[in-house]
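**Student:** Once you've had a glance at the structure underneath, I'll fire off some questions.
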Amino acid sequence: MDASAAVMNYPRRDARDKLSGRTRYTVDRSRPGMLHGAILRAQAAPARIVRLDVSAAEATPGVRAVITGRDAPGLHGIGVADQPLFAIDLIRHQAEPLAAVAADTMEIAKAALAAIRIETEPLPAAVTMEQALRPDAPLVHPDWTSYEVLFEGGGRSGNIAWEATVVRGDAEAAFSRPDVAIVESNFRIGRQNHLAFEPRAVIASYEDGRYHIETSTQVPWTVRNVTARVLQIPASSVRVTVPPVGGGFGLKFDCALEPFAALLARKSGRPVKLVNSRQEEMLTCLCRENAELRIRSAVTGDGEIVGREAVVLMDCGAYGGEQIFLTTMTAHTLLGNYRLGSVKLVSRAIYTHTAPNGAFRACNGVYNTFALERHTDEIAARIGMDPLAFRRRNVLGAGDLGATGQVFEGDALGPMLDRMAAVKASRPSRKAQAGRRLYGQATTVGTWFVFVGPSAATINLHSDGSASVITSGVEIGSGTMVQAVPQIVAAELGLRPEDVIVRAADTDAAGYDVGVGGGRTTVSLGAASRAAAIEVRRKLLAVASQMLQTPAEKLELRDGRIEIAGIRGSGTTIAKVAQRAQELLGPLSGVGAFTNSPVVSQPGCARGHFIEALEIPIFAVHDCEVAVEPETGHVEVLSYTVVQDVGRALNPRAIASQIQGGVAQGLGYALHEEITLDEQGRIRQTNLETYRVPLATDVVPVEIHLHEGAPSRGPLGAKGAGEVPILNVAATVGCAVARAIDRRVEQIPLTPPRVLAMILDKAPAVRLPHIAERWEDNVLPRPARKS
Amino acid sequence: MSISLTINGETHATNRDPLTPLVDVLRDDLALTGAKAVCREGFCGACTVLMDGQPVVSCLLPIASAAGRDIRTVEALSDGGELSPLQKALEQHDVVQCGMCFPGMTVALTSFLASNPNPTREQVKQSLVGNICRCTGYERIIDAVLAHAQAMQGGG
Ligand code: FES
Ligand code: FES
C-alpha cells in the first residue's frame, strides 16, 4: 500500500456535536432510576481511625447504600499493591476516601455524609520528601513489607516506595580524571495539575450478575482489572464502556471513582452516578509529581561528557501509583539526549503523607528535561563553549549508546538542530521587541518515547462497503480515534475515512489495550487496526480476483473500488465484492494485534526498571525568545518554535493542534502553574482562581516544523505526536530566562516574584541536604546480582 | 413559588429554589447539557449562555435573576441541526479537541462578533480571556475566528 494514501488533513468527525453542545460526555449522562453518589473524604492526615459510624447515614430517608473499607478489601497499585479503595484504620492523605453513599438526590447524599460519625487520632506526619527520608521518619506504610509485589526488581525500604538504578561504565574513574571539570546542579520542582475540563465521572450499574461501568477514563482495561481487584470479583464480571472524554492529559490514566460507583450500584440495586466536584478534582488530582534532583557531570575541556551521576527524588504521595513506573523514565530523559561515557543514576519514588501523584503528559520527562537542559547550559558556561555547539557535539545519533546501553538507530536530533538553525536564520530575531527589558533566547533538545504495549483491533467490512473498527481506544480529545485510525484503515482498504466507523471503547467487545496515553494511540491502536485491515484486504482481494479473473497482485483498492492496476473503471466497487464475499464465505472480518518488541540494552546495568530501553524514542527541538522586565520579574514569551520528530505525519494539521496545545500547557508549567502544599500536607490550590492555567492572552502562536523519516515501528512509520509537545517547554523557557537575567534557574514556575528575587540576588540557592554528597549513599544496599 | 424561565424561546416553570444556578436547571431539568459546569465559580466560561443577547456565566446566575429574561443556550446556535457560520468555520479549521470549552466559547464568540464583526487578532484574544481552554492553546481558534470574520465581511 502507498503510505501517502493515509496522509491528509482529515477533519474530526466529532467536532460538530462538540461545537453545538450535543456531545454527551460521562458528566452529561443519566439513566432511569439513577442514584447520586458522594464520597466522604478525610479532612486531616495522617491519622488513625478510632471510630467510623455510618448508621445515621444508613438510616437517612432516601439513602440507598452506604459503603466503607469493609466492602472493598483488596489492594492495588503499580509495581506494589499498596493502595486500598478507602482508608482502613490509617488515613494517609487529605481527602482520602472514608465512606461513600448513594441516595435519591445529591442533597440527601450530602446530608448523609454529614451524618457519618468519625473519630480520628492524629499521627506524626512526613509531608515533604526531606521529612520522609529522615532516619526517624514516621512510615506512611508501616506494613510495607507485607505488600504484594507485582513487579520484581525495585529497591524498597520504609518510605522509599521504589528505587531504580542505572550503572554503566566506570563513572568513578571518569570523575577522578585530572582533565575534567565537574559541574553540579540542583533543582526543585513543584506539582502540576492537569485541570482536565471534564472531572472524573462514572455511572455504574449491576445487571445480570455483572457490573457495567460507563466512565471518563483513558484506560478501560485498567478500570476493569483494578475494580475487580479491589472488589475481589472476577475481572470478567466487569464491563467498561467509555463515552467521549472531556480531557485527560494522563489524569485519567488510572482507575479512579469506578470501584466506588460499582459497589454502590451493587448494594443499592440501582445505577449510581459519581462525579468529582472541582474541589475534589483539585485535592485528589494525581498531579505531575514534585521532585528534587541533583545532577553532576565530568566534562573535558573540548566538551566530552565522560561521566554523569544523578539522584532523583520523586514524591509519589501516599501511594506509589504511576511514580513507581516513572522511576524507569528518569534514565531515558535526565540521562537522555546526549552521549555519556559512564553513568550512575538512582531514582526514588518517596512516600509522603500527601495526595498521590500520577501521570501527566510526558510525565517526569518534562522536569527531567528542564533539569538536564539547564545543567547542560551550566556545563557549557563552565567550559566556555557555546551552548548550542555543545549540544550539537553531544546529541545522540545513529549507533550511539543510550543511558542503559541501547544502541540508537538513525540520526534525529542532529538534523533537527540543523533544521531549527535554518529556521532561525531565515527570520529576524525578536530582540528589538524586548526593548529595554532583558532579552534571552535558548534552543533545547528533548527525548521521550512511545509507551508501546499491547493493543487489539477487529474490523468488519460490511456489504454496503463501509467498515467498522472495534478497539478499546478512547477519544480523549487528541483526535487519534477519529482521525489517524480511520485514515489508516481507509487507506489500507481503499475506502474514504468517512466510510470507516470507529466503535467507542467497550471491554466486552474489544480485546485488551493498555490505554490511551503515552503517545501510544496512533502507534499501537493504529498498528493493530492496520493489521486487521490487512487481513480484510487479503480476503477481499481473493474474492475480487475470482470476480475480475485477475491475480490479486494485479489489483488495487482505492476510492471505494477494486481495479485492475492502472486501469480505471476496469474493476468493481468494494461494496459489490463485499456482498459477493458475504454470499460465498459469510461476512468479512479481520483481527489485528500489536505489542512491544524488546530492544536490547546493556545487560545488568539497569535495576528496578519496567522497561530497559526505548523501543520508539521521540525527539524534539524547541526554541524560544523571552523578554524579562527587570523591575517586576515578569516574563514575556516573544516567540516559540518547535521542530518535532513525528516519524510520518498522518494528519499534519491535527499534529499542529496538539503541538500548539501542548506548548501552551508547558508555558503554564514553566511560568505560573504550581500546586503547593501547606505544613499539614494539604493542597493549597483548590480552584481555578488559585491555580492559574494559561488564558488566551498568555500564549503565543507556535511556529511548527515536523521532522519526518526517523525510524519507527509504528504504522506507516508514524509516532505519537500528542504527548511530546510539552516535553521541553519548561527547559526552553528556563534556559532563555536564565540567559536573560544571567542567573541560575533552579526552580519553576518562573513567576514574577521568583524571577525578581533571582534578579535581586535574593533567591536562596536550592539546597538538598537529604541527598547525600556521595552518590552511593543515596542507594539502598542490595544483594549483589547473580551474573 | 414557581419561577418562569424563557429558554431558547420556550417557557419553563420551575419550583426549584430561586438561588439555584441556572446551569443546574439547564442540565438537570431541561437536558440542555451543552453548558458545562466546569468550575462553578465564574472563572472558566464553559457554562456561558446569552441573557438578552449578553454572555453570562450560568453557574453564577440564580434562576430568580433569569426569570423573564431571554436566555439562549449553545443548543440554540445550531437550531434545526445546522451549525452557525462561526461553528462551521471552527469545524472546518479542525480546532476542536476535547470540546468541553467550545459550547461556552462559541456562545461568547457569537456575541463578540455580533458587536465586532471585523476584529483584530488582539481583540479576539482579549475577548477570549473569560473562556479557558485546557487543550488547544487558543491560537488556532483565533485563526479560525479571523478567517470566518473576513469571509463574512467579504460575503456581506
Ligand atoms: S462553570 Fe461557570 S464559569 Fe466555570
Ligand atoms: S478543547 Fe478541551 S478544554 Fe477546550
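**Student:** A:Ala509: net charge of surrounding residues, Cβ under 11 Å, Lys/Arg +1, Asp/Glu -1, itself excluded?
**Tutor:** Local net charge: 0.
**Student:** On to the next question. From the C-alpha gyration tensor of chain A, pull out the three semi-axes of the equivalent ellipsoid (sqrt of 5λ each), sorted largest to smallest, in whole Å.
**Tutor:** Output for chain A: semi-axes of 41, 38, 24 Å.
**Student:** Filter the trypsin sites (Lys or Arg not before Pro) in the range A:517-573 to those in DSSP coil with at most 16 other Cβ atoms within 10 Å of their Cβ, and list the result.
**Tutor:** A:Arg568
**Student:** Here is a further query. Which of the trypsin sites (Lys or Arg not before Pro) found in the range A:663-741 are loop residues per DSSP with 16 or fewer other Cβ atoms within 10 Å of their Cβ?
**Tutor:** A:Arg684
**Student:** Now for a different question. Name the lysines eligible as straight-distance cross-link partners of A:Lys554: C-alpha to C-alpha under 30 Å, and not fewer than 8 places from it in the same chain.
**Tutor:** A:Lys539, A:Lys576
**Student:** Checking buried surface per residue: for the range B:121-142, which residues lose a minimum of 40 Å² accessible area in the protein assembly relative to the chain alone (1.4 Å probe)?
**Tutor:** B:Lys125, B:Val129, B:Ile132, B:Arg134, B:Cys135, B:Gly137, B:Tyr138, B:Glu139, B:Arg140
**Student:** Treating cross-link reach as a plain straight distance, find the lysines whose alpha-carbon is under 24 Å from the alpha-carbon of A:Lys18, omitting any fewer than eight places away in the same chain.
**Tutor:** A:Lys252, A:Lys273, B:Lys36, B:Lys88, B:Lys125
**Student:** Now a separate question. Taking the Cα centre of the range A:64-212 as origin, sum charge times position over the Cβ atoms of Lys and Arg (+1) and Asp and Glu (-1), and report the length of that vector in debye to the nearest 20.
**Tutor:** The dipole of the range A:64-212 has a size of about 300 debye.
**Student:** I've got another one for you. Figure the gain on full extension for A:Asp464 and A:Glu148 (residue separation times 0.36 nm, minus the Cα-Cα span) and round it to one decimal in nm.
**Tutor:** Value of the extension gain: 108.5 nm.
**Student:** Could you work out, for the range B:3-76, what percent of all Cα-Cα pairs fall into each 10 Å distance bin, beginning at 0 Å and stopping at the bin that holds the largest distance?
**Tutor:** P(r) for the range B:3-76, in whole percents per bin: 23, 63, 15.
**Student:** If the viscosity is 1.567 mPa s and the temperature 4 °C, what Stokes-Einstein diffusion coefficient in µm²/s follows for the range A:264-360 when Rh is the Kirkwood radius over Cα pairs?
**Tutor:** 81 µm²/s
**Student:** Please tell me the relative contact order of chain A in percent, rounded to the nearest whole number, where contacts are Cα pairs under 8 Å and at least six residues apart.
**Tutor:** Computed over chain A, the figure is 16 percent.
**Student:** What accessible area per residue comes out for chain A, rounded to a whole number of Å², with a 1.4 Å probe?
**Tutor:** Per residue, chain A has 34 Å² of solvent-accessible surface.
**Student:** Please turn the phi angles of the range B:67-77 into ³J(HN,Hα) values with the Karplus equation 6.51 cos²θ - 1.76 cosθ + 1.60 (θ = phi - 60°), one per residue in order, whole Hz, x for glycine and proline.
**Tutor:** 3J(HN,Hα) across the range B:67-77, in whole Hz: 4, x, 8, 8, 9, 10, 9, 4, 4, 7, 5.
**Student:** Calculate the mean, over all residues of peptide B:100-112, of how many other protein chain Cβ atoms lie within 10 angstrom of the residue's Cβ.
**Tutor:** Taking the mean over all residues of the peptide, I get 3.
**Student:** Given charges of +1 on the Cβ of Lys and Arg and -1 on the Cβ of Asp and Glu, with all other atoms neutral, how large is the dipole of the range A:447-522 about its Cα centre, in debye to the nearest 20?
**Tutor:** Approximately 220 debye in magnitude.
**Student:** Any idea of the total accessible area buried by the A-B contact, 1.4 Å probe, rounded to 100 Å²?
**Tutor:** Using a 1.4 Å probe, the pair buries roughly 4000 Å².
**Student:** Under a 5 Å amide H to amide H cut-off, with H placed in plane at 1.01 Å, what residues pair with A:Arg200 once short-range neighbours are removed?
**Tutor:** A:Asn276
**Student:** Continuing with the same structure: Give me the dipole magnitude in Debye, nearest 20, for the protein assembly as shown about the Cα centre, with unit charges on the beta carbon: positive for Lys and Arg, negative for Asp and Glu.
**Tutor:** Magnitude of the dipole: close to 620 debye.
**Student:** With θ taken as phi - 60° and the coefficients 6.51, -1.76 and 1.60, list the Karplus ³J(HN,Hα) couplings across the range A:198-209 in order, rounded to whole Hz; mark glycine and proline as x.
**Tutor:** Values per residue, Gly and Pro as x: 7, x, 5, 8, 7, 10, 10, 9, 10, 9, 6, x Hz.
**Student:** Right, something else. Across peptide A:21-31, how many C-beta atoms of other chains are within 10 Å of each residue C-beta, on average?
**Tutor:** Taking the mean over all residues of the peptide, I get 5.
**Student:** At 1.4 Å probe size, with the rest of the protein present, what percent of the exposed accessible area of the range B:3-76 is carbon and sulfur atoms?
**Tutor:** C and S atoms contribute 49 percent here.
**Student:** The range A:680-787: which GluC sites (Glu not before Pro) are DSSP loop and have at most 12 other beta-carbon atoms within 10 angstrom?
**Tutor:** Here the GluC sites (Glu not before Pro) that fit, given the DSSP loop and packing criteria, are A:Glu689, A:Glu773.
**Student:** Averaged over its residues, how many other protein chain Cβ atoms are within 10 Å of peptide B:85-94's Cβ atoms?
**Tutor:** Per residue, the average neighbour count from other chains is 4.
**Student:** In whole Hz, what ³J(HN,Hα) sequence does the range A:157-172 give by Karplus (6.51, -1.76, 1.60; θ = phi - 60°), x for Gly and Pro?
**Tutor:** Using θ = phi - 60°, the values come out as 5, x, 7, 8, 5, 7, 10, 10, 10, 9, 10, 9, x, 9, 5, 3 Hz.
**Student:** If you don't mind, another one. Heavy atoms only, probe 1.4 Å: what % of the accessible area of chain A goes to carbon and sulfur, would you let me know?
**Tutor:** On chain A, the fraction of accessible area on carbon and sulfur atoms equals 51 percent.
The values are calculated or read from the model by the stated rules, or taken from the named source; none is laboratory data. Values in this document were obtained by computation on a predicted structure and should not be read as measured data. Glycine also receives a Cβ, built like all others from the backbone with ideal geometry; neighbour counts cover every protein chain displayed. Calculation scope for accessible area: heavy atoms of the full protein, side chains included, ligands and nucleic acids excluded. Shrake-Rupley method; radii C 1.70, N 1.55, O 1.52, S 1.80 Å.
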